[in-house]
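The values are calculated or read from the model by the stated rules, or taken from the named source; none is laboratory data. This one's a predicted model, so the numbers in the text were calculated from it and none came from an experiment. Please note: Cβ atoms are built from the backbone with ideal geometry, for glycine as well, and neighbour counts cover all protein chains shown.
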Amino acid sequence: MFFQLAGKTRGPSSVGRSVNYLSGTAETGIVVIGAGQAGLSGAYFLRRAGLAPDEDFVVLDHSPGPGGAWQYRWPSLTYGRAHRVHDLPGLPLADADPDRPSAEVVAEYFERYERVFGLRVHRPVDVSAVREAPGGRLLVETDRGAWSTRALINATGTWDRPFVPHYPGQESFRGRQLHTAEYRGREEFAGQHVIVVGGGTSAVQLLMEIAEVADTTWVTRRPPLFHAGPFGEEQGRAAVALVEERVRSGLPPQSVVSVTGLAATEAVQDARARGLLVRLPMFDRVTPDGVAWDDGRVVRADAILWATGFRAALDHLAPLRLREPGGGIRLDGLTRVAKDPRIHLVGYGPSASTIGANRAGRSAVREVRELLRAPVVAVG
């Protein structure tokens with residue numbers, strides 16, 4: 001069954017949409033895929049530009065409710081312990097209880113944001129593919145029908161693509177293997193020995209949490225780098241510049257921690273003093289009972305927690321062949337895809353942060369509006 005859009009059909013001079021009831025395809029000026037921080041930022045700036053939801057643009061989200069990836073975070077990650085959630089444009093997140101789960105706090109904030117600005121997010125809608133369409137348009141195929149659009153703001157983030165590297169013997173492990181996306185709390189590891197793999201902030205947070213009820217071993221590919229003191233604007237700009245350089249070269253974005261290092265918070269410093277954050281180099285293989293190194297060292301384990309990050313969820317864009325030989329999607333500017341100016345990636349590469357997503361949303365909307373004012377030209 002195709003999804004019916006509310007609102008009237010706009011005239012030919014408008015950005016707006018019409019519905020071809022014979023084909024079951026809705027037409028619109030702009031489709032926003034994703035309603036996390038980046039997607040809501042883009043939708044807000046579209047509204048502020050005078051464009052109407054469901055007439056001039058549609059917002060599609062695959063999640064069952066508001067909150068983006070935050071709604072899936074483990075319950076013990078309280079708002080006070082989470083990375084700072086930067087305010088969405090136009091509505092501050094004020095007076096949040098630091099002891100409440102961040103999943104609840106952010107989901108309620110995003111729900112309020114959608115309601116206040118009338119953003120009308122359609123969910124759950126799963127986008128399967130984006131393809132070329134006649135007349136220089138793009139066809140967004142979903143499980144709720146299809147949308148023909150002149151421009152696309154993609155804000156699908158990374159949560160749907162957890163990354164687990166392959167190591168010899170991995171399939172032979174008799175214990176439990178899980179990614180941080182599946183983590184729900186330390187209690188399930190009580191009395192066990194857990195190997196935490198990964199050098200990012202999530203790995204450190206979860207290792208410190210699990211160590212309260214279990215024995216732990218920390219393994220990383222590179223020695224972790226801890227930075228003391230505040231991470232200021234200058235360091236932030238330098239980190240973004242390094243990520244942006246990779247993206248403009250057509251390479252996949254790096255993890256943020258690989259550029260910034262780990263924050264030596266009071267909790268981290270205490271854990272280091274107690275010997276909880278003693279790191280071992282990456283093992284060479286997984287055994288039925290744990291992991292082993294070629295130098296003869298072995299560690300027995302009941303569970304392996306892969307805190308190895310995520311990759312950009314962009315498989316639905318594969319029909320457009322946007323990737324460069326280096327494996328990434330090259331951007332021209334902050335968000336515009338070099339190979340196809342109709343497409344903007346918000347929350348990708350240099351804008352993959354809560355504050356970066358806001359800036360990227362504004363930039364993408366400005367450029368998309370300029371595109372829609374231009375004559376339609378088919379992209380070959």
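Search the range 80-119 for residues being among the small types (Gly, Ala, Ser) and touching a Phe, Trp or Tyr at 6+ places or on another chain (Cβ under 9 Å), and hand back the single one that is nearest to Thr265 (Cα to Cα).
Ala82
Kindly indicate whether any position in the range 288-304 is assigned by TED's automatic domain parsing to the domain that holds Ser202, touching a residue at least 12 places away in the same chain (Cβ under 8 Å), farther than 28 Å from Thr201 by Cβ and in a loop (DSSP other than H, G, I, E, B).
yes
Within the range 108-128, identify whether any single residue is free of Cβ contacts under 8 Å to residues at least 60 places away in the same chain, under 21 Å from Gly356 (Cβ atoms), assigned by TED's automatic domain parsing to the domain that holds Ser351 and not polar (S, T, N, Q), and answer yes or no.
yes
Conditions first: (1) assigned to a helix (DSSP H, G or I); (2) farther than 20 Å from Tyr348 by Cα. Leu40 passes all but one, so which condition is the exception?
(2)
Hand me the list of strands (runs of 3 or more DSSP E) wholly inside the range 148-254 holding 1 or more residues that are touching a strand residue (DSSP E or B) at 6+ places or on another chain (Cβ under 9 Å), modelled with pLDDT of 95 or more and among the charged types (D, E, K, R).
Of the strands (runs of 3 or more DSSP E) lying wholly inside the range 148-254, those with at least 1 residues that are touching a strand residue (DSSP E or B) at 6+ places or on another chain (Cβ under 9 Å), modelled with pLDDT of 95 or more and among the charged types (D, E, K, R) span 176-179, 215-220.
Does Phe163 satisfy the criteria of being over 30 Å from Pro319 (Cα atoms) and aromatic (Phe, Trp, Tyr)?
no
Confirm whether Pro64 is under 28 Å from Glu27 (Cβ atoms) and either surrounded by fewer than 18 Cβ atoms within 10 Å (Cβ to Cβ) or among the basic types (Lys, Arg) (or both).
When the stated conditions are applied, Pro64 passes them.
Among the residues in the range 29-37, are any within 21 Å of the chain's Cα centre (by Cα), within 30 Å of Ala267 (Cβ to Cβ) and surrounded by 23 or more Cβ atoms within 10 Å (Cβ to Cβ)?
yes
Looking only at the range 266-325, filter to residues that are among the acidic types (Asp, Glu) and more than 28 Å from Asp126 (Cβ to Cβ); which one of those is surrounded by the most Cβ atoms within 10 Å (Cβ to Cβ)?
Looking at the filtered set, the residue picked out is Asp302.
For residues in the range 169-200 being of a type in the set (D, E, K, R) and out of contact with any Asp or Glu (no Cβ under 8 Å at 6 or more places or on another chain), which is farthest from Ala264 (Cα to Cα)?
Within the range 169-200, the match that is farthest from Ala264 (Cα to Cα) is Glu171.
Please enumerate the residues belonging to the range 88-143 that are over 23 Å from the mean Cα position of the chain (by Cα) and of a type in the set (D, E, K, R).
Asp95, Asp97, Asp99, Glu132, Arg137 - these are the residues of the range 88-143 that are over 23 Å from the mean Cα position of the chain (by Cα) and of a type in the set (D, E, K, R).
Out of all the residues in the range 125-147, which are surrounded by fewer than 18 Cβ atoms within 10 Å (Cβ to Cβ), at pLDDT 95 or above and not polar (S, T, N, Q)?
Of everything in the range 125-147, those that are surrounded by fewer than 18 Cβ atoms within 10 Å (Cβ to Cβ), at pLDDT 95 or above and not polar (S, T, N, Q) turn out to be Asp126, Ala129, Arg131, Glu132, Leu139, Glu141.
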